[in-house]
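For reference, the structure discussed in these notes is given below.
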Amino acid sequence: MTDIHAIIAQMTLEEKAALCTGASAWTTTPVKRLNLPELFVSDGPHGIRRVADIHALTSKSLPATCFPTASSLAATWDGDLLFEMGQALAEEAIALGVDVILGPGVNMKRSPLCGRNFEYFSEDPYQAGAMAASLIKGIQSKGVGTSLKHYAANNQEFERFSISAEVDERALREIYLPAFETAVTQAKPWTVMCSYNKINGTYGSEHTQLLTDILKKEWGFEGFVVSDWGAVHDRVTALQAGLDLEMPGPKQTRVNAVIEAVRNGELDEAVLDEAARRIVRVVCLAAQTPKGGDFDAAAHHALARKVAAEGMVLLKNNGLLPLQNPQHIAVIGRAAQQAHFQGGGSSHINPTQVDVPFSELQKMAENAELSFAAGYPEDNSRDQALIDEAVAISQAADVALLYIALPSFKESEGYDRADLDLTEQQVALIQAVTAVQPNTVVILNNGAPVVMGKWLDGAAAVLEAWMMGQAGGGAIADVLFGRVNPSGKLTETYPHRLTDTPAYLNFPGENDVVRYGEGLFIGYRYYDAREVPVLFPFGYGLSYTTFVYSNLQVSADNFKDVDGVTVTVDITNTGLAAGKEVVQVYVHDQASRLVRPYKELKGFAKVSLQPGETKTISIPLNFRAFAYYDPAYRQWITEDGQFDILVGASAADIRAQATVTLQSTLQLPSILHKESTIRHWFNDPAGKLILQPMFTELTSNGGLFSADNVGDEAIGMDTLSFLMDLPLRSFLHFQESSLTQPADDIADMLLEQALGVKQ
Ligand code: BGC
């Protein structure tokens with residue numbers, strides 16, 4: 001093992017400062033004198049964007065396999081497959097001389113409008129964390145690093161470099177951080193990339209609480225924190241906050257600023273040493289993986305096809321799919337000839353080859369006659385002639401396949417969507433084609449939900465194919481013709497209307513601030529709470545077969561939080577085709593002191609079944625499956641009580657449930673304070689013990705608030721209920737005539753006793 005401390009000890013101040021800022025757009029500064037090489041990083045994460053010119057941010061990259069983007073990956077719900085894809089990515093990174101892949105991104109899909117949702121996994125932190133952890137483990141199992149991004153609360157593109165995301169502590173802990181936490185603690189990414197935006201007023205690159213206290217100290221992150229490209233404002237402040245590497249470089253002024261700050265005592269050299277140590281550690285780790293050689297482009301293309309097919313979500317099917325030997329197929333839509341398989345921005349891959357969807361159909365439907373019409377123009381204009389042409393070929397066919405790609409002027413890194421609509425031309429096209437051809441399948445290429453109210457009824461089937469990667473054209477054919485039975489399920493709710501969405505009133509913010517006013521309630525948590533009907537719920541997706549859930553069992557009816565429970569359930573394939581089901585386990589807390597979402601995903605499994613086959617799946621639920629973050633205690637807590645375990649095929653399709661009783665083992669400190677209300681006193685175990693006798697005495701002894709007044713009709717209130725929200729101190733003041741000591745003295749004494757200061 002390399003002695004990292006020895007290397008740091010030999011480095012000069014100048015060398016350490018230089019190491020903490022990039023040498024080029026994509027490399028760190030080597031220390032040749034000490035044989036410390038550079039570290040080469042490249043974008044991804046659904047392929048390797050290894051730019052040829054390391055001093056250019058956007059120069060053309062070397063060919064690499066373009067796998068489907070994260071929305072599609074998440075919809076597979078298949079950790080093993082993502083692990084396998086991660087290994088393939090690592091093989092390509094090695095061949096292309098790349099040490100660290102800049103991804104994956106685990107930001108929550110707070111609003112479907114976020115332009116980068118195609119690069120993110122889910123509206124649910126548990127799902128996103130699980131997917132990211134599998135991908136990272138796969139990549140790193142081959143000795144290539146990852147950069148988990150963008151930490152944190154980077155949930156929109158509007159003013160992404162500067163806006164302050166105002167998120168309360170609980171929403172941060174329960175919604176915006178857990179996917180990072182899971183990935184960090186389970187998969188140990190080599191690096192984490194901070195976000196551009198501010199979080200509660202402080203830049204992600206300068207956020208001590210996020211970078212040092214939570215990431216490094218609480219979660220035990222051992223790698224280095226890299227800035228998003230250009231996210232550093234004050235280099236010294238960032239370093240002090242825990243931002244180890246600034247990218248891109250070179251930036252001699254930054255290096256000088258660090259040197260100067262150490263020399264004038266503003267920056268403790270130990271802080272610089274720690275950043276250098278973290279970087280050197282990863283550089284040495286990367287150096288253990290020899291680079292070069294080839295990768296198996298054909299095998300990776302085949303894997304990309306498998307992943308794409310696995311992620312496709314069948315949203316509607318009136319029985320038309322899988323296609324049964326159609327003789328005349330009208331293939332409509334520009335995207336059938338020019339596959340729309342990835343998104344714009346830093347994740348843009350130069351593919352090794354691209355499947356043309358039309359040609360892939362032709363290969364599979366050898367005996368069928370295929371006709372083609374483009375249907376819509378490349379830009380946002382209306383062109384009735386294109387629609388007329390599509391209608392004409394649809395009328396003459398047995399079936400119409402409509403390839404509808406959301407254009408990149410609507411969806412990309414760098415800007416958010418203004419609406420959830422397809423283009424006007426695309427909507428008119430679908431309406432016109434479905435009016436003449438009942439056997440129409442709409443195939444969608446997009447990274448985030450679109451609304452369908454104007455055309456869904458007319459379509460016989462709808463397949464969400466996502467930004468499906470370079471082999472997606474073949475994968476669509478696989479699903480349409482039943483070579484693959486679709487098993488993807490949504491990880492982002494499809495709403496009926498934009499106005500129904502959780503962040504609608506708080507997106508994208510104004511005056512440099514975006515308030516996360518919906519708090520914990522994003523995605524299905526919101527739709528559950530508000531009972532808002534949705535188009536397609538979280539976790540939803542159809543199959544060519546059917547599944548029955550039975551024999552739900554939980555390992556214990558009563559259990560301690562630290563022990564957790566295991567949920568088992570039998571899944572049977574009751575249809576005629578082999579298929580896969582994504583079984584989801586949600587937990588519902590029957591009663592809690594703080595408000596909680598109705599239910600939350602806490603486990604899932606993907607199971608593959610032959611017709612007639614039954615398998616028992618088993619899903620463990622640990623402490624965190626039942627806990628919530630209580631800002632009053634600044635920790636995850638459990639409460640005694642009953643929880644419903646809901647097992648379902650989607651968030652809106654619960655097939656079996658059981659109730660269990662949890663016993664909390666937590667010994668929580670008292671959080672009573674001077675202004676605590678009677679209710680707080682009674683909710684606090686120590687407080688209740690101390691207050692109860694005196695309270696009973698005082699309320700039965702006459703005085704302003706006595707039990708005689710309970711349910712006082714004269715003033716139309718229930719006195720005891722009324723008292724609950726009165727601070728104890730005020731209550732004592734009201735009762736002072738019956739007290740033997742001043743009210744304030746008694747209040748102080750009770751508080752001291754409750755807090756255990758004086759027993
Ligand atoms: C993006 C990152 C990306 C970096 C390097 C930034 O603009 O936000 O996701 O890794 O550029 O290209």
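The values are calculated or read from the model by the stated rules, or taken from the named source; none is laboratory data. Not measured: the values here are computed from a predicted model. Methodologically, a virtual Cβ is constructed for each residue, glycine included, from the backbone with ideal geometry; neighbour enumeration extends over all protein chains shown. Note: areas computed on protein heavy atoms with side chains; ligands, DNA, RNA excluded. Shrake-Rupley method; radii C 1.70, N 1.55, O 1.52, S 1.80 Å.
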With criteria (1) open to solvent by less than 10 Å² (accessible area, probe 1.4 Å); (2) of a type in the set (A, V, I, L, M, F, W, C); (3) under 22 Å from the mean Cα position of the chain (by Cα); (4) away from the ligand (no atom under 12 Å from the Cβ), F83 comes up short on (1)
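Just to be sure before I move on: is I94 in a helix (DSSP H, G or I), open to solvent by 10 Å² or more (accessible area, probe 1.4 Å) and of a type in the set (A, V, I, L, M) in the structure I sent?
On the way: in a helix (DSSP H, G or I): yes; open to solvent by 10 Å² or more (accessible area, probe 1.4 Å): yes; of a type in the set (A, V, I, L, M): yes.
Against the criterion (in a helix (DSSP H, G or I), open to solvent by 10 Å² or more (accessible area, probe 1.4 Å) and of a type in the set (A, V, I, L, M)), I94 qualifies.
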For A390, state whether it is at pLDDT below 95 and more than 29 Å from S61 (Cα to Cα).
-> no
Hey, can you tell me all the residues within region 649-690 that are surrounded by fewer than 14 Cβ atoms within 10 Å (Cβ to Cβ) and part of a loop (DSSP other than H, G, I, E, B)?
-> T665, Q667, P669, H673, K674, E675
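Residues checked against (1) assigned to a helix (DSSP H, G or I); (2) in contact with a strand residue (DSSP E or B) (Cβ under 9 Å, 6 or more places away or on another chain); (3) within 16 Å of the ligand (Cβ to nearest atom):
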{"residue": "K316", "(1), (2), (3)": "no, yes, no"}
{"residue": "V331", "(1), (2), (3)": "no, yes, no"}
{"residue": "A335", "(1), (2), (3)": "yes, yes, no"}
{"residue": "I349", "(1), (2), (3)": "no, yes, yes"}
{"residue": "V354", "(1), (2), (3)": "no, no, no"}
{"residue": "E360", "(1), (2), (3)": "yes, no, no"}
{"residue": "Y376", "(1), (2), (3)": "no, yes, no"}
{"residue": "D379", "(1), (2), (3)": "no, no, no"}
What are the residues in region 144-162 that are surrounded by fewer than 24 Cβ atoms within 10 Å (Cβ to Cβ) and either away from the ligand (no atom under 12 Å from the Cβ) or free of Cβ contacts under 8 Å to residues at least 24 places away in the same chain (or both), if any?
-> F158, E159, S162
Can you find a residue in region 254-266 that is free of Cβ contacts under 8 Å to residues at least 12 places away in the same chain and not in a helix (DSSP H, G or I)?
-> yes
Within region 379-401, is there a residue that is under 22 Å from the mean Cα position of the chain (by Cα) and open to solvent by 10 Å² or more (accessible area, probe 1.4 Å)?
-> no
Taking the stated definitions as given, is A187 at pLDDT 95 or above, more than 16 Å from the ligand (Cβ to nearest atom), among the aliphatic types (A, V, I, L, M) and farther than 14 Å from A152 by Cβ?
-> yes
Of the residues that sit in region 409-443 and are out of contact with any helix residue (DSSP H, G or I) (no Cβ under 9 Å at 6 or more places or on another chain) and outside any loop (DSSP other than H, G, I, E, B), which one is most open to solvent (accessible area, probe 1.4 Å)?
-> E424
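Report, by residue number, each residue of region 199-220 that is part of a loop (DSSP other than H, G, I, E, B) and surrounded by 24 or more Cβ atoms within 10 Å (Cβ to Cβ). Steps first, please.
Taking region 199-220 and keeping what is part of a loop (DSSP other than H, G, I, E, B), we get 200-201, 207, 219-220.
Result: H207, single match.
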Scan of region 500-517 for residues that are surrounded by 23 or more Cβ atoms within 10 Å (Cβ to Cβ) and either assigned to a loop (DSSP other than H, G, I, E, B) or more than 20 Å from the chain's Cα centre (by Cα) (or both), ordered by number | T501, P502, A503, F507, Y516
Is region 247-256 home to any residue that is away from the ligand (no atom under 16 Å from the Cβ), open to solvent by 40 Å² or more (accessible area, probe 1.4 Å) and in the same structural domain as T202 (by TED's automatic domain parsing)?
-> no
Could you tell me whether L102 is of a type in the set (A, V, I, L, M, F, W, C), touching a Leu at 6+ places or on another chain (Cβ under 8 Å), open to solvent by less than 10 Å² (accessible area, probe 1.4 Å) and within 28 Å of S408 (Cα to Cα)?
-> no
Filter result (over 16 Å from G129 (Cα atoms) and of a type in the set (A, V, I, L, M)) within region 184-215 = I199, L210, L211, I214
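Can you pull out the residues in region 221-243 that are in a loop (DSSP other than H, G, I, E, B) and within 16 Å of the ligand (Cβ to nearest atom)?
Narrowing region 221-243 to residues in a loop (DSSP other than H, G, I, E, B): 221-223, 227-234, 242-243.
G223, S227, D228, W229, G230, A231, V232, H233, L243, listed by residue number.
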Consider only pairs whose beta carbons are under 6 Å apart and that are at least six residues apart or on different chains; among these, list those whose first residue lies in region 54-80 and is within 16 Å of the ligand (Cβ to nearest atom) and whose second residue is of a type in the set (S, T, Y) and not in a loop (DSSP other than H, G, I, E, B).
-> I54/T27
For the subset of region 37-71 comprising residues that are hydrophobic (A, V, I, L, M, F, W, C) and touching an Asp or Glu at 6+ places or on another chain (Cβ under 9 Å), which member is modelled with the lowest pLDDT?
-> V51
Which condition does S141 not pass, out of (1) within 23 Å of V280 (Cα to Cα); (2) without any contact (Cβ under 8 Å) to a residue 40 or more places away in the chain, if it passes all the others?
-> (2)
Exactly one condition in (1) surrounded by 19 or more Cβ atoms within 10 Å (Cβ to Cβ); (2) among the polar types (S, T, N, Q); (3) assigned to a strand (DSSP E or B) is not met by S550; state its number.
-> (1)
